């Protein structure tokens, strides 16, 4: 007898229910593939966020040096202000940067200032370059 009678008198076929082992393995494999894709995307996003952070800090360090030099008059700037700082840090991060400042006096007595900031950390190579010319007003 394959049939069972329910309380209300309706017939129900006695089929086997539930999952078999193959269905369970297929579902676990599908979930694993989806999880690997999400994990890969998350790792890529974290790397990009670190790169963006390093790039932002490099730009900020270059801008802060440029503002420091811009606070002086152009006639005060000369090649003695050129310098290389090998271990510039940013508070709260583990990045170190190299900041190269070059000041050149042009033939018209204007000053060309160029600042290049690059990371010392090999896993995240980035750099920022800013340059401007300060004219001497008389």
Exercise. Taking region 66-89, which residues are assigned to a loop (DSSP other than H, G, I, E, B) and either loosely packed, with under 13 Cβ neighbours inside 10 Å or out of contact with any helix residue (DSSP H, G or I) (no Cβ under 7 Å at 6 or more places or on another chain) (or both)?
Worked result: 71, 72, 73, 78, 82
Problem set entry | Single residue of 25, 61 found to be modelled with pLDDT of 90 or more and either assigned to a loop (DSSP other than H, G, I, E, B) or closer than 23 Å to residue 130 by Cβ (or both) | 61
For this session: Sort through 117, 105, 136, 113 and tell me the only one that's at pLDDT 90 or above, more than 29 Å from residue 49 (Cβ to Cβ), surrounded by 14 or more Cβ atoms within 10 Å (Cβ to Cβ) and in contact with a helix residue (DSSP H, G or I) (Cβ under 6 Å, 6 or more places away or on another chain).
Result: 113
For this session: Evaluate region 29-38: report whether one residue or more is without any contact (Cβ under 8 Å) to a residue 40 or more places away in the chain, under 30 Å from residue 132 (Cα atoms) and either touching a strand residue (DSSP E or B) at 6+ places or on another chain (Cβ under 6 Å) or in a helix (DSSP H, G or I) (or both).
Result: no
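The values are calculated or read from the model by the stated rules, or taken from the named source; none is laboratory data. Values in this document were obtained by computation on a predicted structure and should not be read as measured data. Because the Cβ atoms are built from the backbone with ideal geometry, glycine has one as well, and the counts that use them run over all protein chains shown.
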